[in-house]
Amino acid sequence: MSSSSSDIAIPAAAAGVLVLVVGPSGAGKDTLMEAARDELGTDPRYRFARRLITRPAMAGAEDHESCDEVGFRAIEANGGLALSWQAHGLSYGIPAAELSGIGAGAVVIVNVSRRAIVAAERLVERVVVLNITAPVAVLARRLAARGRETEADIAARLKREAPLTAERAEVVTILNDRSVAEACAELLAVLRGLGR
């Protein structure tokens with residue numbers, strides 16, 4: 001997996017914050033982000049960025065922009081992506097336009113790979129990493145419930161999780177081994193603190 005950042009930079013004087021939501025597969029990142037979006041989505045201080053992924057849209061999966069690999073590479077080559085990385089045989093990107101609210105003081109929330117953190121820190125002055133995690137047994141159970149991978153694939157996925165490396169971002173860890181409401185309340189408290 002690799003990550004890259006484009007030549008796009010958000011002014012250092014911008015009052016906004018880039019919130020990077022990271023964590024292992026099965027930690028519940030999408031579920032918590034959806035619950036937070038439901039709560040904060042109409043508040044102009046918060047923007048939830050949509051990712052560009054070389055995967056077809058699927059019912060019950062994350063809301064994202066879909067494209068093929070050729071289209072993805074063309075967008076990336078033309079500077080249309082602020083961040084990009086590869087994982088699990090797919091290409092992921094954050095369109096540059098999705099981060100534009102940071103310059104206006106917004107809190108922009110985006111789900112990224114842990115390997116994209118350092119590249120994101122080069123783009124924006126203020127970065128907060130929300131590390132959503134859960135015990136391995138919980139992760140394995142959630143991944144099995146998705147029905148997308150074999151037991152062996154799940155075990156391999158859980159073993160290859162990348163370490164979290166940040167150079168200057170504040171890192172906040174949320175243990176998501178309880179109800180969605182409880183974990184979301186913790187997530188919302190962090191986001192509301194940033195949106196003041």
Normalised Cα Rg of the stretch 3-194, dividing by 2.2 N^0.38 Å with N its residue count, works out at 0.99
Residue span Ala189 to Thr42: 0.36 nm per residue of separation minus Cα-Cα distance leaves a gain in nm of 51.3 nm
When Ser179, Ser84 are arranged by how many other beta-carbons sit within 10 Å of their Cβ, fewest first, they go Ser179, Ser84
Put in order of increasing Cβ neighbours within 10 Å, starting from the fewest, Leu158, Leu143, Leu83 give Leu158, Leu143, Leu83
Under 16 Å by backbone N from the virtual spin label 7 Å along Cα-to-Cβ at Ala162, the residues of the stretch 31-55 are 52-54
Classified through the alpha carbon gyration tensor (a ≥ b ≥ c as square roots of its eigenvalues; rounded if a/c is under 1.5, else prolate when a/b is larger than b/c, else oblate), the stretch 47-144 comes out oblate
To the nearest 0.05, the calculated FRET efficiency linking Glu65 and Arg146 through their beta-carbon distance, R0 being 25 Å, is 0.70
Once both label points are put 7 Å beyond Cα along the C-beta direction, the Val118-Thr173 separation in nm becomes 2.1 nm
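Bear in mind these aren't lab numbers, they're just calculated from the coordinates by the rules spelled out. Every value quoted in this text rests on a predicted model; they were computed, and no experiment measured them. All Cβ positions, glycine included, derive from the backbone under ideal geometry; neighbour counts span all protein chains shown.
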